[in-house]
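Below is one structure, written out as structure tokens; comments come after it.
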Number of protein chains: 2
Amino acid sequence: MKLVECVPNFSEGRRLEVVQEILDTIKSVSGVRLLDSSSDHSHNRTVVTFVGSPESVKEAAFLATAKAAELIDMEQHRGEHPRIGATDVIPFIPVSGVTMEECVELACQLGKEIGEKLRIPVYLYEEAAIRPERRSLGAIRKGEYEGLKEAIKTPERQPDFGPAEMHPSAGATAVGARPPLIAYNINLGTSDVNIAKAIAKSIRGSSGGYPSIKALGILIEETGTAQVTINVCNFRQVSLARVFETVKSEAERYGVNITSSEIVGLVPLDAIVDAVAFYLRLAGFKSDQVLEKRLQES
Amino acid sequence: MKLVECVPNFSEGRRLEVVQEILDTIKSVSGVRLLDSSSDHSHNRTVVTFVGSPESVKEAAFLATAKAAELIDMEQHRGEHPRIGATDVIPFIPVSGVTMEECVELACQLGKEIGEKLRIPVYLYEEAAIRPERRSLGAIRKGEYEGLKEAIKTPERQPDFGPAEMHPSAGATAVGARPPLIAYNINLGTSDVNIAKAIAKSIRGSSGGYPSIKALGILIEETGTAQVTINVCNFRQVSLARVFETVKSEAERYGVNITSSEIVGLVPLDAIVDAVAFYLRLAGFKSDQVLEKRLQES
């Protein structure tokens with residue numbers, strides 16, 4: 001069974017009746033299952049997770065983008081998280097029976113449809129990027145909604161689909177394909193945020209660490225805990241076990257222990273199985289030996 | 001959704017057309033999903049795994065027992081594994097939405113039906129045992145099929161259901177309820193089987209180790225590898241991580257490493273999640289954060 005995950009981010013995290021209308025639009029598409037939705041007030045942003053067949057997921061993403069364009073006015077939007085549009089970003093993620101190439105193709109089809117039918121400019125990003133400098137979302141979001149209004153008219157910021165001007169209410173949208181991302185936090189036995197920052201720097205790609213790892217050192221105010229907050233962007237390249245062991249080894253250099261770690265949101269079974277295989281030195285274990293997986297496949 | 005697993009063992013591992021007829025009988029029951037079947041020539045035995053609603057699983061187990069009684073003649077059966085009947089043992093295992101008590105009740109109902117309708121004597125074992133000495137399958141199988149023909153007439157070996165004499169072709173059957181069992185092997189960096197035996201002795205319940213662990217030390221002839229072969233009978237009491245770490249620590253006493261380990265057959269997701277949680281020091285992680293589990297539940 002072909003199964004694709006889609007995790008669109010919408011620039012609305014406060015008016016929950018608006019979020020509900022978008023969720024209802026997604027749920028109305030046959031063959032789509034809504035798995036998760038998380039609205040953040042200070043980010044003023046909602047992250048939605050749904051899965052389904054390639055066709056049904058594409059349809060739901062298109063309808064949700066149209067609905068968001070109708071209900072969200074970027075001229076009124078304020079929030080901490082960088083964003084360029086009402087539907088800020090739409091990634092497709094292969095789950096089962098689907099290749100990354102098929103997800104790239106899906107992103108291209110959806111981008112074309114959003115550009116032509118909704119008249120919203122679309123940038124293809126990550127695995128779907130046509131221009132190499134657009135692999136990174138950060139580059140696409142440079143200047144954010146406000147800055148892109150002018151910049152979009154220059155050749156280097158021209159969208160891949162749709163008009164070279166911002167949609168009056170919905171702004172622009174990034175559409176792409178990527179491996180599953182795991183949000184993973186590691187808590188240290190110290191309140192010294194500088195240690196967390198130094199460890200984050202040592203593991204993240206942007207400062208010479210693992211290319212598929214993003215990381216920051218922060219202080220959790222309520223508990224006085226220094227935390228390395230991590231995006232594991234390709235767990236098949238760098239597993240949860242390797243991230244944990246690298247952070248553990250770096251922390252030891254400061255005489256600091258890992259007190260706990262947290263997986264935020266959903267995680268693919270294979271990422272869990274990889275970690276167990278590492279620690280138990282498992283030979284020849286396959287994730288379809290997991291009873292629940294076998295059940296799903298039967 | 002109420003889901004029960006059933007893992008009956010049949011005394012036929014060579015005539016695969018007979019095994020196929022039994023599998024077809026199980027698959028014919030609506031609501032039952034056949035997950036696995038493994039036939040062993042030297043044991044002359046087949047282990048079948050299927051799941052479904054409590055009622056459908058009970059029906060499939062009954063029909064399979066009737067079919068095995070028709071096709072397997074214990075008078076002709078030879079094989080290495082201890083056994084008392086054509087359908088040697090039928091355990092029910094809670095998977096989701098079902099308590100152990102419900103599985104015990106299911107075992108009682110099935111035992112009664114097999115005893116009364118098929119005239120096969122039935123012994124209730126493990127969690128379903130009425131007599132405490134029958135919790136252990138070993139006690140029920142004492143003397144095996146051949147020895148039980150006479151012993152069944154004595155008060156202490158009287159069956160819980162059915163006639164106090166062996167069925168002429170099908171012998172007797174043990175029916176019970178138990179937690180999921182994980183078959184787990186740990187390979188040592190030595191060919192000295194005595195080290196594997198000493199480690200097995202230190203972890204198994206029968207010699208003072210963990211009550212829910214069964215273990216033997218054996219030599220894998222083909223590779224010259226000493227192996228601790230383990231049944232983890234209750235992973236919520238003793239996790240895979242604790243078994244691995246205990247064996248690792250005991251092996252170190254002999255200067256021996258663990259080279260690899262193997263999970264044989266199916267393993268519940270929770271057992272994998274428990275192991276990851278141990279090694280990554282995960283706080284607050286729930287197995288429904290696993291994408292595939294969430295999918296199954298949605």
Practice task
Distances from B:Gly224 to the same position in the other copies: list them in nm, one decimal, shortest first, using label points 7 Å from Cα along Cα→Cβ.
Solution key: 5.9
Exercise for the section: For the range A:274-291, take each phi angle, set θ = phi - 60°, evaluate the Karplus expression 6.51 cos²θ - 1.76 cosθ + 1.60, and give the result in whole Hz per residue in order, putting x for glycine and proline. Expected result: 4, 5, 5, 4, 4, 6, 8, 6, 5, 9, x, 7, 10, 5, 7, 7, 6, 3
Exercise for the section: Could you tell me the accessible area of B:Arg119 in Å² (1.4 Å probe, neighbours in place), rounded to the nearest ten? Expected result: 130
Handout entry: Using alpha-carbon coordinates, inclination of helix A:54-71 to the longest axis of chain A, degrees
Key = 70
Exercise for the section: Mind checking which chain B residue has its Cβ closest to the axis relating B to A, and how many whole Å off it is? Expected result: B:Tyr279, 2
Handout entry: Mean residue ellipticity (222 nm) of chain A, computed from DSSP H runs ≥ 4 via -39,500 (n - 2.57), nearest 500
Key = -10500 deg cm²/dmol
Practice task
Quick one: check the C-alpha center-to-center distance for the range A:190-209 versus the range B:1-80, whole angstrom.
Solution key: 56
Handout entry: In degrees, nearest ten, helix B:100-117 long axis to first principal axis of chain B (Cα)
Key = 30
Practice task
Please report, in Å, the Rg and the Dmax of the range B:31-159, where both are computed over Cα atoms only.
Solution key: 14.7, 42
Exercise for the section: Using amide H atoms built 1.01 Å from N in the peptide plane, name the residues 5+ places from B:Val89, or on other chains, whose amide H lies under 5 Å from its own. Expected result: B:Asn9, B:Ala174
Problem - Radius ratio Rg over Rh of the range B:1-98, counting only Cα atoms, Kirkwood formula for Rh - result: 0.97
Practice task
Using Cα pairs closer than 8 Å and at least 6 residues apart in sequence, work out the relative contact order for the range B:3-177, in percent.
Solution key: 26
Problem - Relative contact order of the range B:182-297, pairs being alpha-carbon contacts under 8 Å that are 6 or more residues apart, as % - result: 29
Practice task
Springs between alpha-carbon atoms under 10 Å, Gaussian network over chain B: tell me which of B:Thr246, B:Thr259, B:Thr190 tops the mean-square fluctuations.
Solution key: B:Thr259
Exercise for the section: Return the distance in nm (one decimal) between the two label points of a simple spin-label model at A:Arg281 and B:Ser191, each offset 7 Å from Cα along Cα→Cβ. Expected result: 1.9
Problem - Tilt relative to chain B, helix B:240-252 - C-alpha long axis, 0 to 90 degrees, to 10 - result: 60
Problem - Alpha carbon centroid spacing (whole Å) that separates the range B:267-289 from the range A:274-294 - result: 13
Completion exercise
Here the FRET efficiency for A:Asp288 versus A:Lys2, based on Cβ atoms and R0 = 25 Å and rounded to 0.05, is 0.90
Handout entry: Convex hull of the range A:182-297 built on C-alpha atoms - directionally averaged projected area, nm²
Key = 8.0
Completion exercise
With +1 on the Cβ of every Lys and Arg and -1 on the Cβ of every Asp and Glu, the dipole magnitude of chain B about its Cα centre, in debye rounded to the nearest 20, is 600
Practice task
Provide an ascending nm list, one decimal, of label-point separations from A:Arg15 to the equivalent residue in each further copy; define each label point as 7 Å from Cα along Cα→Cβ.
Solution key: 7.4
Handout entry: Signed unit charges on C-beta, dipole axis of chain B, positive-most listed residue B:Tyr145, B:Val256, B:Leu216
Key = B:Val256
Exercise for the section: Would you work out which of B:Gln296, A:Thr246, B:Leu266 lies farthest towards the positive end of the dipole of the protein assembly as shown, given +1 charges on the beta-carbon of Lys and Arg and -1 on that of Asp and Glu, about the Cα centre? Expected result: A:Thr246
Handout entry: Distance-filtered residues of the range A:55-91 - backbone nitrogen under 16 Å, label point 7 angstrom along A:Glu144 Cα→Cβ
Key = A:73-89
Problem - Cβ-Cβ FRET estimate between B:Ala183 and A:Tyr254, R0 fixed at 45 Å, reported to 0.05 - result: 0.60
Completion exercise
With Rg from the Cα atoms and Rh as the Kirkwood inverse mean 1/r over Cα pairs, the protein assembly as shown has an Rg/Rh of 1.06
Practice task
Place the label 7 angstrom along Cα→C-beta at B:Gln237 and in each other copy, then list the distances from the first to the rest in nm, shortest first.
Solution key: 4.6
Fill in the blank from the handout: Among A:Ala226, A:Ala66, A:Ala86, the residue with the largest mean-square fluctuation in a Gaussian network model of chain A built from Cα contacts under 10 Å is A:Ala226
Handout entry: Radius of gyration and Dmax over the Cα atoms of chain A, both given in Å
Key = 20.0, 58
Exercise for the section: Estimate for me the total accessible surface buried between chains B and A (protein heavy atoms, probe 1.4 Å, no ligands or nucleic acids), in Å² to the nearest 100. Expected result: 4000
Handout entry: Cleavage-rule hits, trypsin sites (Lys or Arg not before Pro), the range B:29-109, DSSP coil, Cβ neighbours within 10 Å at most 15
Key = B:Arg78
Practice task
Please build a GNM for chain B, connecting alpha carbons under 10 Å apart, and tell me which residue among B:Tyr279, B:Tyr184, B:Tyr145 fluctuates the most.
Solution key: B:Tyr279
Handout entry: chain A: relative contact order in percent, alpha carbon pairs under 8 Å with at least 6 residues between
Key = 14
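The values are calculated or read from the model by the stated rules, or taken from the named source; none is laboratory data. Predicted model, so just to flag it, every value in this text is computed and none were measured. Cβ atoms come from the backbone with ideal geometry, glycine included; neighbour counts cover every protein chain shown. Side chains are part of the model used for accessible areas, which takes the heavy atoms of the whole protein and leaves out ligands, DNA and RNA. Shrake-Rupley method; radii C 1.70, N 1.55, O 1.52, S 1.80 Å.
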